[in-house]
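Peer 1: Sending over a structure as structure tokens; questions will come in a sec.
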Amino acid sequence: MTTRNAIASTALLAMASVYGLASHVLAADLLPTTKGPPSAPPVVAFTWTGFYIGGYVGAGSDNDEFHFIPADTRTFNSADSVLGGGRAGYNYQTSWAVLGIEGDFGGMHLESHNFCPNPFFTCGHENDWVGTLVGRVGVAPIDRALLYVAGGGAVSDFRYTALPPGVAPFVFTGHFSDTEVGWALGGGFEYAFANNWSFDIEYLHYEFGDYTAPPGTLSAANSTRLSNHMDTIDVGINYHF
């Protein structure tokens, strides 16, 4: 083989190799390709952190004591009522612990009457609203469920009377009202049935301590020491921002 023929053969072999490689690449580009389904968006874990507002309905009961001093005589009243109101608060969750603060205001109509120690008079009381500002400490043992205890301040307005059955023969009729600050303690369970919605059930016990109506209000001659405690249970629904 001459040198010219060897060069020509080598050139032809190189051209054939290039052509074969190009054909393989082109064929690979023409082959149909398949793609898998798009990946699902990442799941965002639920958190209790954030502001919320809500409303509730339930029932309340209270017990009060009239203690006439210095006569040292007493009478007791109790009453029950439906109640309803609104609330707003903020939660902060870290791991399984949830801390929060909540304020609420509810309306009701608690009213009772009983004989005073002086049987010619009827001792009565009324209460139409109660408000609280409480801190909450809770645990979230499973996703979207919250168990908590709550405690803080409470305020309510009380109206007391000591009235004779018929005013005309009597010189004295007694009235006393006061807005009292006390404390509330209780707890509840809350469950988030959607990312922005939850329902809850809550129990609170209220104590408003002792306060004194001066002579001439509920008794013509005696001061009257008054005390009241209250219990409420309610179910509510909340919207979380």
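The values are calculated or read from the model by the stated rules, or taken from the named source; none is laboratory data. The shown structure was predicted, so the numbers you read here are calculated from the model rather than taken from an experiment. Every residue, glycine among them, receives a Cβ derived from its backbone with ideal geometry; neighbour counts consider all protein chains shown. Surface areas here come from the heavy atoms of the whole protein model, side chains and all, with no ligands, DNA or RNA. Shrake-Rupley method; radii C 1.70, N 1.55, O 1.52, S 1.80 Å.
Peer 1: Can you compute the FRET efficiency between THR73 and HIS229 using 1/(1 + (r/R0)^6), with r the Cβ-Cβ distance and R0 = 25 Å? Round to the nearest 0.05.
Peer 2: The formula returns an efficiency of 0.75 here.
Peer 1: Still on this structure, I have one more. Taking the stretch 143-228, which GluC sites (Glu not before Pro) meet the DSSP loop condition and have no more than 13 other C-beta atoms within 10 Å?
Peer 2: none
Peer 1: For the stretch 61-165, which trypsin sites (Lys or Arg not before Pro) are in a loop by DSSP, counting at most 16 other Cβ atoms within 10 Å?
Peer 2: In loop regions of the stretch 61-165 (DSSP not H, G, I, E or B), the sparsely surrounded trypsin sites (Lys or Arg not before Pro) are ARG144.
Peer 1: Per residue, how large is the accessible surface of the stretch 133-241? Use a 1.4 angstrom probe and give square angstrom.
Peer 2: Spelled out: the 1.4 Å probe surface of the stretch 133-241, per residue, equals 47 Å².
Peer 1: Now for a different question. Going from most exposed to least, what order do SER177, SER81 have by accessible area with a 1.4 Å probe?
Peer 2: SER177, SER81
Peer 1: In the neighborhood of PRO117, defined by Cβ-to-Cβ distances under 12 Å, what is the net charge if each Lys or Arg adds +1 and each Asp or Glu adds -1?
Peer 2: Once all neighbours under 12 Å are counted, the net charge is -1.
Peer 1: Ranked from the most accessible area to the least, with a 1.4 Å probe and all protein chains present, what is the order of ILE69, ILE237?
Peer 2: Solvent-accessible surface, decreasing: ILE237, ILE69.
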